[in-house]
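Single-structure report; data block below.
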Amino acid sequence: QVQLVESGGGLVQAGESLRLSCASSGSTFSRNAFGWYRQVPGKQRELVAVISSAGSANYTDSVKGRFFVSRDNTKNTLYLKMNNLKPEDTAVYYCNPYPLGPLPYWGQGTQVTVSS
């Protein structure tokens, strides 16, 4: 089973930046599109950004212009640069292939907390 390890989260003030990383153990990383997802307790997990195998990206409206997804296929690693963070960005962030499989494996995620 593919292992996904997210890192880079933390506690920041509004307006600051963070860069998240997601390391994948899968041998098919470079061939898959990947997504960054986030979840707030009590709410459904939300898709934040998607990057294709070729590197084209799409974002949910609330993060457009602030978040930037990238990938390094030589390192099997996905990144999410988050600028101008807002308190509403507070969540646990996860990565996973996109679209999700029928029984997706979720890593431990990385907590992002933005104080106002």
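Using a probe of 1.4 Å, the accessible surface attributed to T113 totals some 50 Å² when neighbouring protein chains are kept in position. If R₀ is 41 angstrom, what is the calculated FRET efficiency for the pair E46 and T74, using the beta carbon separation as r and rounding to 0.05? The calculated FRET efficiency here is 0.90. Per residue, the average separation of C-alpha pairs within less than 8 Å and at least 6 apart gives the chain a relative contact order of 36 percent.
Taking amide H positions as modeled 1.01 Å from N, with prolines and chain starts lacking one, the residues under 5 Å from A33 and 5 or more places away or on another chain are S53, Y98. In order along segment 53-68, phi translates into HN-Hα couplings of 4, 8, x, 7, 10, 9, 9, 6, 4, 5, 10, 4, x, 10, 9, 9 Hz, rounded to whole numbers, per the Karplus curve 6.51 cos²θ - 1.76 cosθ + 1.60 with θ = phi - 60° and x for Gly and Pro. The residue list Q39, G15, F67 was ranked by how far each Cα lies along the charge dipole of the chain toward its positive end, using unit charges on Cβ atoms, and F67 comes out on top. Measuring nothing but how far apart in sequence close Cα pairs (under 8 Å, 6+ apart) lie, relative to its length, segment 22-68 scores a relative contact order of 27 percent. Ligands, DNA and RNA excluded, the heavy atoms of E88 present near 120 Å² of accessible surface to a 1.4 Å solvent probe. Placing +1 on the Cβ of every Lys and Arg and -1 on the Cβ of every Asp and Glu, with no other charges, gives segment 28-116 a dipole of roughly 100 debye about its Cα centre.
In Å², and per residue, what accessible area does segment 63-116 have when probed at 1.4 Å with the other protein chains present? Working shown, then result.
Working: 2730 Å² over 54 residues.
Heavy-atom SASA per residue in segment 63-116 reads 50 Å².
Of the residues P87, P97, P41, which exhibits the maximal mean-square fluctuation in a Gaussian network model of the chain defined by a 10 Å Cα contact cut-off? In this elastic network of the chain, the residue with the biggest mean-square fluctuation among P87, P97, P41 is P41. Note on exposure: W36, W106 ranked by accessible area (1.4 Å probe, complete protein assembly) read W106, W36, with the most exposed listed first. Cα extents for the chain along the principal axes, largest to smallest and rounded to whole angstrom: 40, 27, 22. Measuring nothing but protein heavy atoms, the accessible surface of the chain at 1.4 Å probe radius is 50 percent carbon and sulfur. Put R66, R19 in order of accessible area, highest first, and with a 1.4 Å probe you get R19, R66.
The values are calculated or read from the model by the stated rules, or taken from the named source; none is laboratory data. Just so it is clear, the model here is predicted, and its values are computed rather than measured. Note that each Cβ is placed from the backbone with ideal geometry, even for glycine, and that neighbours are counted across all protein chains shown. Please note that ligands, DNA and RNA were not included when accessible areas were found on the heavy atoms of the full protein model with its side chains. Shrake-Rupley method; radii C 1.70, N 1.55, O 1.52, S 1.80 Å.
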